[in-house]
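The values are calculated or read from the model by the stated rules, or taken from the named source; none is laboratory data. Predicted model, so just to flag it, every value in this text is computed and none were measured. So basically every Cβ, Gly included, is an ideal-geometry build from the backbone, and we count neighbours across all protein chains shown. The accessibility values were calculated without ligands, DNA or RNA, using every heavy atom of the protein model including side chains. Shrake-Rupley method; radii C 1.70, N 1.55, O 1.52, S 1.80 Å.
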Amino acid sequence: MTLRTAVIGAGVIGRLRAQTVMAHPESQLVAVVDPDQAAAAQATRGSDAVALGGMEDLWAHDLDAVIVCTPLPFHEEQVLAALSRDLHVLCEKPLANTVEGCRRMVAEAGDKGVTLAVGFNHRYYPSIAFLKDAVDAGQIGTIDHLRVFGAHDGLHNFRADWQYRAPASGGGAMMDVGIHMTDLARYLVGEITEVYGCATEDVLSVSGSEDNAVAVFRSHKGIPITYQASWTEWRGYKFYVDVYGDRGMVRGYYAPMFNLLVTQPEPGGPRKKVRRFYPEIMVREKLRSWESTALKSFEDEWQDFLRMIRGEPSNNADGMAGLRAVEIAHAVYQSSRSREAVHLPAPETAG
């Protein structure tokens, strides 16, 4: 079966998503929608897909799935419109700019029995894949705690005001680069059920949009996670995940792509260090920019999206992952105001 797919939004990410659909033998790009029809047409190059200027023309086409890559304020309306037509949806992160909007989307997907996935493509970065494999293989023993950090160096990184101004943005650093870090923490340790944090907007002074957030999460198994999301990292864009166990630790880092694995199989015994560099990625990004790394992650994510639809095992983030990431960000906001820990539903009652 070929998955007939439309991409909604023809910005940088939408263009890359369209390339991903075109390149996969099990999917067909049917249409690209964008108010800038010239941008939509550019995204369809190399295919027989049509370029559309508005959503009203999209539903006349025979579709199985849509990818939503539009500005965040439009996610809920467009995702719900697709789900209501029994279409599978892959939506860019964050899923919505409100918790309530996320819940409505997850509920609709459940009612319709279709797939809703969220574009947490950092799961597919090589340094994160290496880290996940090391953890799952038991190389560092039993997980004791995590550190996660995601940041860049300011508002000049955004292409438009809506990307950083609440309420359209849903918030600040936690709803931007930090949303990936929240997802990665949950991806590695399971459900997060307790949040205590502080969000501030004292440097860039954008009302309702924190430029720094520092928090401690606790998983449903009691594993603590220290978390920071920032828009004032003067050294530039970077993120890392450190997982510590009782027999070692492993770090996944970007940019540049890097891993460190320290293992000590026997207490008091010798320690082994493995450092993994990715020179081919550094060269490729030098020649073709960060988009080349994002494109590769999108290809792997799309393959897993097809597996999700077939009911096969997948590392894709589902709708619940998108909802929980936004719930956790809003729990930090609540904790910052109350100066108390916020408790989220346990896995069996989440949603």
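Summary table below
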read-out	value
Complete set of residues in segment 34-57 that are aliphatic (A, V, I, L, M) and either closer than 22 Å to M308 by Cβ or open to solvent by 10 Å² or more (accessible area, probe 1.4 Å) (or both)	A38, A39, A41, A49, V50, A51, L52, M55
Of residues in segment 263-296 being in contact (Cβ under 8 Å) with a residue 60 or more places away in the chain and part of a strand (DSSP E or B), the one surrounded by the fewest Cβ atoms within 10 Å (Cβ to Cβ)	R276
Residue in segment 140-148 that is over 23 Å from G11 (Cα atoms), out of contact with any Gly (no Cβ under 7 Å at 6 or more places or on another chain) and open to solvent by less than 20 Å² (accessible area, probe 1.4 Å) present	yes
Selection from segment 250-261 of residues that are more than 22 Å from the chain's Cα centre (by Cα) and open to solvent by less than 20 Å² (accessible area, probe 1.4 Å)	L261
Top-ranked residue of segment 70-99 - restricted to ones that are assigned to a helix (DSSP H, G or I) and of a type in the set (V, I, T), ranked as most open to solvent (accessible area, probe 1.4 Å)	V99
Residue selected from segment 225-249 under the condition under 21 Å from the mean Cα position of the chain (by Cα) and more than 23 Å from W290 (Cβ to Cβ), by the criterion most open to solvent (accessible area, probe 1.4 Å)	T226
Within segment 298-308, considering residues that are closer than 22 Å to G190 by Cα and not acidic (D, E), the one least open to solvent (accessible area, probe 1.4 Å)	F305
Subset tally (residues that are touching a Ser or Thr at 6+ places or on another chain (Cβ under 6 Å), open to solvent by 20 Å² or more (accessible area, probe 1.4 Å) and part of a helix (DSSP H, G or I)) for segment 110-139	1
Number of the condition not met by C102 [criteria: (1) over 17 Å from T70 (Cβ atoms); (2) out of contact with any Asp or Glu (no Cβ under 7 Å at 6 or more places or on another chain); (3) buried (at least 22 other Cβ atoms within 10 Å of the Cβ)]	(1)
Test: Y196 is under 18 Å from I328 (Cβ atoms), open to solvent by 60 Å² or more (accessible area, probe 1.4 Å) and among the aromatic types (F, W, Y)	yes
In segment 310-321, the residues that are touching a residue at least 24 places away in the same chain (Cβ under 8 Å) and surrounded by fewer than 18 Cβ atoms within 10 Å (Cβ to Cβ)	N315, D318
